[in-house]
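Engineer: For reference, the structure I am asking about is given below.
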Amino acid sequence: MATEKDNERSADERSLITTEVTAEATNRSDSRTNSVITTTDLDVYYGDERALDGVDIGIPENRVTAIIGPSGCGKSTFLRCINRMNDQIDSCRVDGTLGFHGKNVYDDDVDPVALRRKIGMVFQKPNPFPKSIYDNVAYGLRVQGLEDDVDLDEEVERALRGAALWDEVNDQLDSSGLDLSGGQQQRLCIARAIAPDPEVILMDEPTSALDPVAASKIEDLIDDLAEEYTVVIVTHNMQQAARISDRTAVFLTGGNLVEYDETATIFENPEHDRVEDYITGKFG
């Protein structure tokens with residue numbers, strides 16, 4: 001039976017732990033300072049219903065950040081706030097700040113259309129336009145008036161290569177994007193998103209409508225994309241989050257960000273019992 005002395009840490013041990021905790025807090029602060037996306041006390045309402053409650057987070061550059069949590073916890077709402085997609089919902093109100101390189105994207109002088117050129121988005125269900133593969137990828141460049149400033153052929157090839165699709169479609173660029181398989185359509189949408197050369201790619205459950213083989217290709221692609229882009233992905237698949245992300249944010253009921261840390265820490269040693277219960281399947 002352990003004595004009280006055995007159960008107590010020595011003064012030196014306590015000092016060491018205090019130092020480690022302080023260093024960890026400093027690292028978290030440094031990470032937030034160097035983040036490409038930051039939020040401070042972010043609240044989101046749909047009418048009178050609060051969807052996000054006081055979210056504070058810093059998302060690092062050129063890493064994959066996964067957003068996980070049960071249905072209705074605000075994951076997709078948070079994602080859509082980043083590039084102001086929620087502006088399209090009349091009942092939506094956003095309070096607090098959401099910074100992109102330190103600039104609050106909800107300031108009056110921020111053009112949402114220009115913002116979305118820097119922060120692209122890929123949705124749950126593949127949504128290619130009823131156009132050719134070539135025109136799907138070139139669409140964003142043309143809309144932005146860049147057609148005369150770039151070599152469209154080169155840019156379309158670059159984007160399709162970036163989406164790991166070029167080798168599969170380079171001889172059928174005039175074919176409809178709707179003729180591709182589901183997994184290919186989703187990679188076409190990713191190519192369309194990266195063609196205007198954004199800095200951030202948001203993905204809202206990009207593999208949930210795909211078979212395991214197609215989903216695996218998207219996961220491999222996400223790892224490659226993080227070398228050039230900051231990737232934020234919402235997923236219901238916790239195994240997927242563990243496989244592909246560097247950091248994981250756990251949202252739970254009420255739109256609360258309960259925990260945010262390195263992915264290994266979240267899945268192996270979470271700080272909060274509620275997070276552990278969710279990850280182990282006790283609820284959610």
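Engineer: When only Cα pairs under 8 Å and 6 or more residues apart are kept, what is the percent relative contact order across the stretch 36-279? Could the numbers behind the result be given before it?
Structural biologist: Details: 469 pairs, mean separation 69.4, N = 244.
That works out to 28 percent.
Engineer: How much net charge surrounds T207 when only the other residues with a Cβ under 10 Å from the Cβ of T207 are counted, with Lys and Arg +1 and Asp and Glu -1?
Structural biologist: Working: positive: K217; negative: E205, D211, E219.
Surrounding charge for T207 is -2.
Engineer: Moving on to the next point. Determine the dipole magnitude for the chain: charges of +1 sit on the beta-carbon of Lys and Arg, -1 on that of Asp and Glu, nothing else is charged, the reference point is the Cα centre, and the result goes in debye to the nearest 20.
Structural biologist: Computed about the Cα centre, the dipole is about 600 debye.
Engineer: Quick one: Kirkwood hydrodynamic radius for the stretch 29-125, alpha-carbon pairs, angstrom, one decimal? Don't skip to the end; give the middle numbers.
Structural biologist: Details: mean 1/r = 0.0716 Å⁻¹.
Kirkwood radius, the stretch 29-125: 14.0 Å.
Engineer: Right, next: Arranged by the count of other C-beta atoms within 10 angstrom, fewest first, what order do L221, L160 take?
Structural biologist: Values: L221 20, L160 27.
Listed from fewest to most nearby Cβ atoms, that is L221, L160.
Engineer: Still on this structure, I have one more. Taking the highest mean first, how do the peptides 137-148, 178-189 order by number of other beta carbon atoms within 10 angstrom per residue?
Structural biologist: Working: 137-148: 16.2, 178-189: 20.7.
My ranking of the peptides, most packed first, is 178-189, 137-148.
Engineer: Could you work out how much longer the chain between K103 and N62 gets when fully extended? Use 0.36 nm per residue separation minus the Cα distance between them, nm to one decimal.
Structural biologist: On the way: separation 41, 0.36 × 41 = 14.76 nm, distance 1.86 nm.
Going from the current span to full extension adds 12.9 nm.
Engineer: For the stretch 47-86 and the stretch 116-195, write down the distance between their C-alpha centroids in whole Å.
Structural biologist: Their Cα centres are 26 Å away from one another.
Engineer: Cα extents of the stretch 36-188 along the three principal axes, largest first, in whole Å?
Structural biologist: Each principal axis gives a Cα extent; for the stretch 36-188 these are 50, 35, 31 Å.
Engineer: Once every Cα of the chain carries one equal point scatterer and solvent is ignored, give the base-10 log of I(q)/I(0) from the Debye formula at q = 0.16 Å⁻¹, two decimals.
Structural biologist: The computed values of log10 I(q)/I(0) come out as -1.29.
Engineer: A further question follows. If you average over every viewing direction, what projected area does the convex hull of the Cα atoms of the stretch 185-238 give, in nm²?
Structural biologist: Working: hull surface 14.3 nm².
Averaging across all directions leaves 3.6 nm² for the Cα convex hull.
Engineer: Also, I was wondering about something else. Which whole-Hz ³J(HN,Hα) couplings does the stretch 143-151 yield from phi under the Karplus relation 6.51 cos²θ - 1.76 cosθ + 1.60, θ = phi - 60°, glycine and proline marked x?
Structural biologist: 4, 7, x, 9, 4, 8, 9, 10, 8
Engineer: Something else now. Once the Cα gyration tensor of the stretch 192-284 is diagonalised, what are the square roots of 5 times its eigenvalues, in whole Å and ordered largest first, as equivalent ellipsoid semi-axes? Please list the in-between numbers first.
Structural biologist: On the way: eigenvalues 127, 44, 30 Å².
They are 25, 15, 12 Å, listed from largest to smallest.
Engineer: Follow-up. Give me the one-decimal nm value for the distance between modelled label points at K118 and A264, 7 Å along each residue's Cα-to-Cβ direction.
Structural biologist: For the pair K118/A264, the computed spacing is 3.3 nm.
A short reminder: the numbers here are calculations on the coordinates, not readings from a lab. Fair warning: this is a prediction, and the values are worked out from it, not measured in the lab. FYI the Cβ positions are ideal-geometry reconstructions off the backbone, even for glycines, and counts take in every protein chain you see.
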